[in-house]
Amino acid sequence: ILKDAGSVALYGSAGSRGVVLITTKRGQKKPLGVDFRLNTGIFVPKSYPTYLNAAEYMGLYNEALRNDGLTEKYTEEEIYNTANGTNPYRYPDLNLYSSDFLRKFSYKSDLTTEISGGTDRTKYYTNVGLSYNNNILKYGVADKNNDFSLNVRSNVDMKLTDWLSASTDAVAIMTDQYYARG
């Protein structure tokens, strides 16, 4: 963190309030090292909210409108048919927290691999990450909701001569996401 005149000297007026410098991992002089980390988890909802069914809501909504001196929105016939499930398409009463619409659990997994090492003349570091998430929704096209990503970051530092060095950095990110719309 730079918070002095040096930050203004290096970054101009953009550094007048201070600068946070972030350096990424670089290779070190050591034998080849490979490090794997795998994390995975299952997400299980502890509970769901309890809501009124459609017929109860319609009746209470009408009552609120009457209390405000307004005309009722739903007829007694609509409320009756909704309560009895006469026609689920014309008088729907959906519980979106039921097993018809939600899975019992969802999961997430990620894998990180680091490869590093080097000699006096060349040092290298590579980080590869994979991540996958699915969704608790399982209805219609939302059943396919998922998120997959792959990222690769690599750098190589080379000492070509006593007075000349070079470095290269590369980053590649690929994501494949599917989220139902609407």
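The rows are residues; the columns are (1) modelled with pLDDT under 90; (2) charged (D, E, K, R).
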| site | (1), (2) |
| --- | --- |
| 2 | yes, no |
| 7 | yes, no |
| 15 | yes, no |
| 18 | yes, no |
| 25 | yes, yes |
| 28 | yes, no |
| 36 | no, no |
| 51 | yes, no |
| 57 | no, no |
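Could you count how many residues in the stretch 154-182 are in contact with a strand residue (DSSP E or B) (Cβ under 7 Å, 6 or more places away or on another chain), under 26 Å from residue 103 (Cα atoms) and not in a strand (DSSP E or B)?
Quick first cut of the stretch 154-182, residues in contact with a strand residue (DSSP E or B) (Cβ under 7 Å, 6 or more places away or on another chain) only: 154-160, 165-178.
The next check asks that each one be under 26 Å from residue 103 (Cα atoms); those that pass are 175-178.
Adding the requirement that they be not in a strand (DSSP E or B) leaves none.
Of the residues in the stretch 154-182, 0 are in contact with a strand residue (DSSP E or B) (Cβ under 7 Å, 6 or more places away or on another chain), under 26 Å from residue 103 (Cα atoms) and not in a strand (DSSP E or B).
For the stretch 94-153: of the residues being in contact with a helix residue (DSSP H, G or I) (Cβ under 8 Å, 6 or more places away or on another chain) and outside any strand (DSSP E or B), which is least open to solvent (accessible area, probe 1.4 Å)?
Among residues in the stretch 94-153 that are in contact with a helix residue (DSSP H, G or I) (Cβ under 8 Å, 6 or more places away or on another chain) and outside any strand (DSSP E or B), the one least open to solvent (accessible area, probe 1.4 Å) is 135.
Assess whether residue 25 counts as being in a loop (DSSP other than H, G, I, E, B), in contact with a strand residue (DSSP E or B) (Cβ under 7 Å, 6 or more places away or on another chain), open to solvent by 90 Å² or more (accessible area, probe 1.4 Å) and in contact (Cβ under 8 Å) with a residue 40 or more places away in the chain.
Values: in a loop (DSSP other than H, G, I, E, B): yes; in contact with a strand residue (DSSP E or B) (Cβ under 7 Å, 6 or more places away or on another chain): yes; open to solvent by 90 Å² or more (accessible area, probe 1.4 Å): yes; in contact (Cβ under 8 Å) with a residue 40 or more places away in the chain: yes.
Yes, satisfied.
Determine, yes or no, whether residue 104 is of a type in the set (D, E, K, R) and closer than 30 Å to residue 131 by Cβ.
On the way: of a type in the set (D, E, K, R): yes; closer than 30 Å to residue 131 by Cβ: yes.
It is true that residue 104 is of a type in the set (D, E, K, R) and closer than 30 Å to residue 131 by Cβ.
Consider the stretch 154-180. How many of its residues are open to solvent by 40 Å² or more (accessible area, probe 1.4 Å) and touching a helix residue (DSSP H, G or I) at 6+ places or on another chain (Cβ under 6 Å)?
Selection size over the stretch 154-180: 1.
Taking residue 78 as meeting all but one of (1) surrounded by 11 or more Cβ atoms within 10 Å (Cβ to Cβ); (2) under 30 Å from residue 126 (Cα atoms), write down the number of the exception.
Of (1) surrounded by 11 or more Cβ atoms within 10 Å (Cβ to Cβ); (2) under 30 Å from residue 126 (Cα atoms), only one is false for residue 78: (2).
Please name all residue pairs, on different chains or six or more residues apart, with Cβ atoms under 6 Å, provided the first residue is in the stretch 39-63 and is in contact (Cβ under 8 Å) with a residue 40 or more places away in the chain and the second residue is of a type outside the set (Gly, Ala, Ser) and in a helix (DSSP H, G or I).
Partner pairs satisfying both residue conditions: 54/82.
With part of a strand (DSSP E or B) and over 30 Å from residue 166 (Cβ atoms) as the only criterion, which of 90, 37, 66 stands out?
Values: 90 fails: part of a strand (DSSP E or B); 66 fails: part of a strand (DSSP E or B).
Checking each option against the conditions leaves just 37.
Which numbered condition trips up residue 12, out of (1) open to solvent by 80 Å² or more (accessible area, probe 1.4 Å); (2) more than 30 Å from residue 110 (Cβ to Cβ)?
All conditions are met except number (1).
Quick one: which residue in 69, 41 is open to solvent by less than 100 Å² (accessible area, probe 1.4 Å), out of contact with any Ser or Thr (no Cβ under 7 Å at 6 or more places or on another chain) and at positive phi? Before you say what the answer is, go through the steps one by one.
Numbers: 41 fails: at positive phi.
Every option except 69 fails the conditions.
So how many residues does the stretch 142-175 have that are more than 24 Å from the chain's Cα centre (by Cα), more than 20 Å from residue 126 (Cα to Cα) and of a type outside the set (D, E, K, R)?
Summing the residues that are more than 24 Å from the chain's Cα centre (by Cα), more than 20 Å from residue 126 (Cα to Cα) and of a type outside the set (D, E, K, R) in the stretch 142-175 gives 4.
The values are calculated or read from the model by the stated rules, or taken from the named source; none is laboratory data. Note that the coordinates shown come from a computational prediction; the quantities given were computed from them, not determined experimentally. Glycine also receives a Cβ, built like all others from the backbone with ideal geometry; neighbour counts cover every protein chain displayed. Protein only, heavy atoms only, side chains kept; ligands, DNA and RNA dropped before computing areas. Shrake-Rupley method; radii C 1.70, N 1.55, O 1.52, S 1.80 Å.
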